[in-house]
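Everything below concerns the one structure shown next.
No value in this document is a laboratory result; all are computed from the given coordinates. Small disclaimer: the values here were computed from a predicted structure and weren't measured. All Cβ positions, even for glycine, are placed from backbone atoms using ideal geometry, and neighbour counts span all protein chains on display.
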Protein chains: 2
Amino acid sequence: MNLEQTFGDLLKTLRQRHNISQEKLAEKCDLHRTYISLLERGLRQPTLSTIFKIASAIDSSPSELLTELEVLLKKYQ
Amino acid sequence: MNLEQTFGDLLKTLRQRHNISQEKLAEKCDLHRTYISLLERGLRQPTLSTIFKIASAIDSSPSELLTELEVLLKKYQ
């Protein structure tokens, strides 16, 4: 699992935990659904502003999001 | 101050705190010096992997870097 794939897994997990579709998440983030799909599949990596948008959409903070990502990366090592 | 500019300010502050040049930071991150310069001037925003590289180069963690960024963003609001 590389960084992009791990972020994608986390994003999918968090989205499903919030019980929202890719479409709904995209709308809340002001991003395209296709981009959310690419992120979840680890085919794109988010920019700083995307990290902020996603964190806000799932009622988290950017630093909390990266803390969860760091935990997952250690687990997958 | 927008997100990119605030990140740029933080990056410059952290780099200077570590007493390293843009060249040295770029080398440690395996990035181009020009890109570091663009980031510091808020003309580019980092991707997830750049955030990880920079955090590692300054002996921090990605989540700690974003925590510092969140503090600065609140201060500049």
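The mean number of partner chain beta-carbon atoms within 10 angstrom of a residue's beta-carbon across peptide A:36-47 is 2. Shown in residue order for region A:9-21 are the 3J(HN,Hα) couplings computed by the Karplus curve 6.51 cos²θ - 1.76 cosθ + 1.60 at θ = phi - 60°: 4, 4, 4, 4, 4, 5, 4, 5, 4, 8, 6, 10, 6 Hz (x for Gly and Pro). Here B:T34 yields copy-to-copy label distances, from shortest upward, of 2.9 nm, the label point defined as 7 Å from Cα along Cα to C-beta.
Which values, in whole Å and largest first, are the semi-axes of the equivalent ellipsoid of chain A obtained as the square root of 5 times each eigenvalue of the Cα gyration tensor? Let's see the in-between values first.
Values: eigenvalues 66, 35, 25 Å².
So the equivalent ellipsoid measures 18, 13, 11 Å along its semi-axes.
With the label put 7 angstrom out from Cα along the Cα-to-Cβ vector, B:Y76 ends up 3.0 nm from the copy partners, going from closest to farthest.
Over the C-alpha atoms of the protein assembly as shown, the Rg to Rh ratio, Rh being the Kirkwood estimate, stands at 0.97.
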